[in-house]
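A quick write-up on the structure given underneath.
Values quoted throughout were computed directly from the atomic coordinates according to the rules given, and no laboratory measurement underlies them. All values reported here derive from a predicted model rather than from experimental measurement. Every residue, glycine as well, gets a Cβ built from its backbone with ideal geometry; the counts of neighbours run over all protein chains shown.
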Amino acid sequence: MKQTPRPVMLLMAFLAALAPSCGASTPAAGEQVLVFAAASLTHAFTSIATTFEANRPEFDVQLNLAASSSLRQQILEGAPADVFASANTSNMDQVIEAGEASTSTTLATNVLQIAVPAGNPGGVTGLSDFARAELLIGLCAEGVPCGDLGRQALGKAGVVAAVDTNEPDVRALLVKIEAGELDAGIVYATDVAATGDRVEGVDIPADVNVVATYPIAVLANAPNPRGADAFVAFAVSDQARAILSRHGFSLP
Amino acid sequence: MRNRPPLPLAILASIGLLLFVLPLVGLLARTPWTRLVGLLSGEVVTDALRLSLVTSLAATAVSGLIGVPLAWVMARVPFPGRSLVRGIVTLPLVLPPVVGGAALLFALGRRGVVGEPLNQATGILLPFSIWGVITANVFVAMPFLVITVESALRNLDLRFEAAAASLGAGRWTVLRRVTLPMIGPSLMAGLVLSWARALGEFGATITFAGNLQGRTQTLPLAVFVALESDRDTAITLSLVMVAVSLTVLVGLRDRWWKAL
């Protein structure tokens with residue numbers, strides 16, 4: 001399993017499309033399975049691909065990790081991908097509508113969580129604490145996915161947050177929470193899981209939460225349909241579900 | 001005809017100039033001119049402009065107040081480790097500002113090495129406040145002042161100060177009446193460079209002081225955030241920055257900083 005920088009990846013994809021026989025003639029470790037996956041799946045899919053390759057040594061998984069929208073665009077422009085895993089249903093739906101996939105399966109879901117520094121010094125128990133002026137509260141900026149979704153959740157809960165900073169992205173927000181400079185912020189459960197022990201997650205009730213669904217599909221024009229089927233079957237297996245769950249995803 | 005450049009020089013110079021002019025052309029081409037007045041009076045724009053002017057000027061004043069003495073000590077007082085000190089002072093010039101901001105956070109933040117005791121003793125909290133913005137600005141901008149003033153001090157003919165001293169002037173008087181006036185143009189240039197750097201400061205500010213409209217969101221931060229959601233506002237904010245900076249830089253260049 002290798003992660004290839006995107007420009008190189010695209011060049012390879014282009015060359016592979018021009019001369020499909022070349023791939024077969026090289027004495028590679030196994031049949032290549034090209035998986036296009038949303039960037040938020042990076043850690044989980046790296047681990048899933050490694051386990052899959054250990055189970056099925058005849059396959060060699062290549063991950064192309066990027067924003068779901070760019071992956072969708074690449075697929076619609078004819079990139080020779082085998083599998084598409086998207087961070088939302090809208091990009092997957094567009095791929096299906098364009099006939100690039102016939103159906104998709106829900107791989108996992110990702111829920112919002114309140115991130116607090118280890119030990120929860122602000123004593124944050126729920127979204128209502130975001131109105132407490134004495135706490136230092138951070139959100140992602142508007143226009144950034146985590147910022148828009150966090151505001152949706154606060155809106156559903158009817159909380160007017162006393163925000164102290166609007167961070168440019170989820171990493172920047174988590175850095176300040178990790179350092180204990182902020183008392184709370186809203187991020188995805190997977191982001192909390194990826195940050196380790198210095199950040200704790202406080203659950204947001206389902207009725208005010210905003211859930212992202214991650215669908216996965218075998219692509220209609222997959223150069224390696226057998227490998228694609230095998231990978232998708234593995235991605236929804238118990239072994240892969242355990243990996244997803246360890247990385248903070250909720251399972252359907 | 002005297003200063004007509006050789007053709008290769010003219011071509012290369014034009015390419016150099018184009019590199020600076022083209023982005024401006026791009027900005028002007030995408031400017032929503034018909035909506036400009038409305039966008040300019042938007043709250044995000046006016047808040048950011050006010051905050052940027054206040055914090056960049058404050059940072060320039062602080063840089064002058066503590067940077068000139070620092071430059072003087074570095075230029076005149078031989079002490080062990082002086083080259084190391086010089087390196088440390090100029091470090092913010094080469095460090096990515098985000099690194100500087102993170103380092104400031106670890107030092108002066110609420111849980112920082114110095115920030116935590118400071119906060120417990122006095123209740124002062126620099127991050128997420130206008131003081132945090134000014135601190136970050138001073139950190140990245142002051143080196144410009146220090147290196148400009150230090151090099152001016154080192155190139156100064158010491159006989160003028162010696163003459164003043166021999167006529168009975170005390171050290172303080174010499175500094176005030178001889179040294180500072182003689183390095184005046186360099187000091188001014190250093191202040192202007194610091195101010196310009198502070199006005200454009202982004203990475204250290206957003207990392208150390210956060211981003212909140214009206215409190216810590218300066219023009220560069222507002223541009224960055226608006227690019228995600230509202231491109232016309234982002235362009236308007238950029239135009240404001242260009243206009244303010246060009247006015248000051250062109251206006252001052254001829255008057256004060258011929259030294260550079």
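Comparing B:102, B:163, B:75 in a Gaussian network model of chain B (Cα springs below 10 Å), the most mobile by mean-square fluctuation is B:163. A simple spin-label model places pseudo-atoms 7 Å from Cα toward Cβ; at residue B:245 and residue B:77 they are separated by 3.6 nm.
Projected label points at residue B:232 and residue A:220, each 7 Å from Cα along the beta carbon direction, are separated by 3.9 nanometres. Extension gain, residue B:159 to residue B:43, is 36.2 nm, computed as 0.36 nm per intervening residue step minus the present C-alpha separation.
In what order do A:146, A:140 fall by count of nearby beta-carbon atoms within 10 Å, going from fewest to most?
Values: A:146 21, A:140 26.
Taking fewest neighbouring Cβ atoms as first place, the list is A:146, A:140.
On a per residue basis, the convex hull of the C-alpha atoms belonging to the stretch A:84-127 measures out at 98 Å³. Between the amide H of residue A:167 and those of A:139, A:140, A:141, distances stay under 5 Å, these residues lying 5 or more places away or on another chain, with hydrogens modeled in the peptide plane. When A:247, A:43 are arranged by Cβ crowding within 10 Å, least crowded first, meaning fewest neighbours, the order is A:43, A:247.
Under 19 Å from the 7 Å Cα→Cβ point of residue B:213, by amide nitrogen: which residues of the stretch A:161-179? Counting backbone N atoms under 19 Å from the label point, the list is A:161-169. With q set to 0.10, 0.15 Å⁻¹, the log10 of I(q)/I(0) for chain A, from the Debye formula over equal scatterers at the Cα positions, is -0.53, -1.00.
Each Cα pair under 8 Å and six or more residues apart adds its sequence gap; the mean of these over the residue count of the stretch A:104-252 is a relative contact order of 40 percent. Which of B:247, B:218, B:60 moves most in a GNM of chain B, Cα contacts under 10 Å? Comparing B:247, B:218, B:60 in a Gaussian network model of chain B, the most mobile one is B:247.
Can you give the translational diffusion coefficient of the stretch B:26-120 in µm²/s, computed by Stokes-Einstein from the Kirkwood radius over Cα pairs at 20 °C and 1.002 mPa s? Answer, rounded: 122 µm²/s.
The orientation-averaged projection of the convex hull spanning the C-alpha atoms of the stretch A:61-202 amounts to 9.8 square nanometres.
Run the numbers for residue A:103 and residue A:90: contour at 0.36 nm per residue of separation, minus the present Cα-Cα distance, in nm. Mind showing how you got there, number by number?
Details: separation 13, 0.36 × 13 = 4.68 nm, distance 1.33 nm.
Stretched fully, the residue A:103-residue A:90 segment lengthens by 3.3 nm.
Here the extension length gained between residue B:19 and residue B:36 equals 3.5 nm, from 0.36 nm per residue of separation less the Cα-Cα distance.
Between residue B:66 and residue A:55, what's the calculated FRET efficiency when r is the beta-carbon distance and R0 is 60 Å? Round to 0.05. Working shown, then result.
Details: r = 63 Å, r/R0 = 1.06.
The formula returns an efficiency of 0.40 here.
Relative contact order of chain A, taken over Cα pairs closer than 8 Å and 6 or more residues apart, is 26 percent.
As a ratio to 2.2 N^0.38 Å, the alpha-carbon radius of gyration for the stretch A:164-252 is 1.41.
Working note: Karplus 6.51/-1.76/1.60 with θ = phi - 60° gives the stretch B:195-205 the couplings 4, 4, 5, 5, 5, x, 5, 10, x, 5, 5 Hz, where Gly and Pro are set to x. Separation of the stretch A:81-116 from the stretch A:181-224 is 13 Å, based on Cα centroids. Taking a sphere under 14 Å around the Cβ of residue B:206 and counting the other residues whose Cβ falls inside, with K and R at +1 and D and E at -1, yields a net charge of -3.
Would you work out the relative contact order for chain B, in percent, from Cα pairs under 8 angstrom that are 6 or more residues apart?
Values: 298 pairs, mean separation 76.4, N = 260.
Averaging sequence separation for qualifying contacts and normalising by length gives 29 percent for chain B.
Once the Kirkwood radius over Cα pairs is known for chain B, the Stokes-Einstein relation at 20 °C and 1.002 mPa s delivers a diffusion coefficient of 103 µm²/s. Here the stretch B:137-260 has an Rg and Dmax of 19.6, 66 Å, counting Cα atoms alone.
Out of every Cα-Cα pair in the stretch B:1-80, what percent are more than 21 Å apart?
Numbers: 2138 of 3160 pairs.
Value for the stretch B:1-80: 68 percent of Cα pairs lie more than 21 Å apart.
Placing one identical point scatterer on every Cα of the stretch B:100-171 and ignoring solvent, what is log10 I(q)/I(0) from the Debye formula at q = 0.21 Å⁻¹? Summing over Cα pairs of the stretch B:100-171 leads to -0.86.
Quick check on the protein assembly as shown: helices-only [θ] at 222 nm, where DSSP H runs of length 4 and up contribute -39,500 (n - 2.57) each and the sum goes over total residues. Nearest 500, please. Intermediate values should be presented prior to the final figure.
Numbers: 23 runs with 292 residues, N = 512.
Dividing the helical sum by the residues of the protein assembly as shown leaves -18000 deg cm²/dmol.
The residues A:181, A:53, when put in order of fewest to most other Cβ atoms within 10 Å, stand as A:53, A:181.
Using a simple spin-label model with pseudo-atoms 7 Å out from Cα toward Cβ, residue B:85 and residue B:4 lie 5.5 nm apart. Express in whole angstrom the spacing between the alpha-carbon centres of the stretch B:33-80 and the stretch B:233-251. Taking the Cα centre of the stretch B:233-251 as reference, the centre of the stretch B:33-80 is 14 Å away.
The convex hull drawn around the Cα atoms of the protein assembly as shown, when projected onto a plane and averaged over every direction, covers 34.5 nm².
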